[in-house]
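One structure below.
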Amino acid sequence: SAHGAGLSFIPVLAAFDHEENGSTSDTGAEGPLLGTVLKRSVHARGGGYEERARALAGSLCLSSDTGHAVHPNYAERHDPTHHPMAGGGPLLKVNVNQRYATDGSGRAEFTAACERAGVPWQSFVSHNAMPCGTTIGPITAARHGIATVDVGAAILSMHSARELCAVADPYLLANAMTAFLDPSWRP
């Protein structure tokens, strides 16, 4: 299309099924869908194995989900030095056990995008003594060899009937994502 003319990369949006019950299906994050689409995209442009390997190694995935804001009734369940709040901007999710896929380079890319967009951001780091959930970010990173950044909106009452976020947070997250995907700043 005329809109995509001159891009040195192909933007891809992947929305998967079955995330809450393990991502294991033909259309889930562990299934073949994303890998097949990426492979076919490279081949459609005349590329082979080497071009695909280079494309994957040069890619950066932004995996977006929600994350835990500090609940006033359960503040002790959070890392004592990281207290993300609803209304504080997007969460940059980090976990040393790779329950989130964010690494140093991804962190730098996302925070730079937030700065360009004028969006505040905050870190989410799980309390070490408590088990941590995960996202499809580590699945994408491990299965396809794509550097991945896990982000999201801060919410209260994860997995409850009434998940709550600040009105501004989806807007701030969308602005950060737009800046992250803006081709004008890519090298």
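The values are calculated or read from the model by the stated rules, or taken from the named source; none is laboratory data. Not measured: the values here are computed from a predicted model. Neighbour counts run over all protein chains shown; Cβ positions are idealised from the backbone, glycine included. Surface areas here come from the heavy atoms of the whole protein model, side chains and all, with no ligands, DNA or RNA. Shrake-Rupley method; radii C 1.70, N 1.55, O 1.52, S 1.80 Å.
Annotation: Leu172 fulfils all but one of (1) more than 30 Å from Arg52 (Cβ to Cβ); (2) in contact with a strand residue (DSSP E or B) (Cβ under 7 Å, 6 or more places away or on another chain); the unmet one is (2).
Scanning segment 132-141 turns up no residue that is assigned by the TED database to the domain that holds Met177 and without any contact (Cβ under 8 Å) to a residue 12 or more places away in the chain.
Using the structure shown, decide if Thr140 is open to solvent by less than 20 Å² (accessible area, probe 1.4 Å) and in contact with a strand residue (DSSP E or B) (Cβ under 9 Å, 6 or more places away or on another chain). Answer is yes for this residue.
Does segment 99-122 include one or more residues that are in contact with a His (Cβ under 7 Å, 6 or more places away or on another chain), assigned by the TED database to the domain that holds Ser157 and at pLDDT below 85?
So in segment 99-122, the residues in contact with a His (Cβ under 7 Å, 6 or more places away or on another chain) come out as none.
No, every residue in segment 99-122 fails to be in contact with a His (Cβ under 7 Å, 6 or more places away or on another chain), assigned by the TED database to the domain that holds Ser157 and at pLDDT below 85.
No other residue among Gly28, Gly48, Gly35 is open to solvent by less than 90 Å² (accessible area, probe 1.4 Å), modelled with pLDDT of 90 or more and under 12 Å from Thr140 (Cβ atoms) apart from Gly35.
Under the condition of being over 23 Å from Ala147 (Cβ atoms) and either open to solvent by less than 20 Å² (accessible area, probe 1.4 Å) or touching a helix residue (DSSP H, G or I) at 6+ places or on another chain (Cβ under 7 Å) (or both), the residues counted in segment 85-119 number 2.
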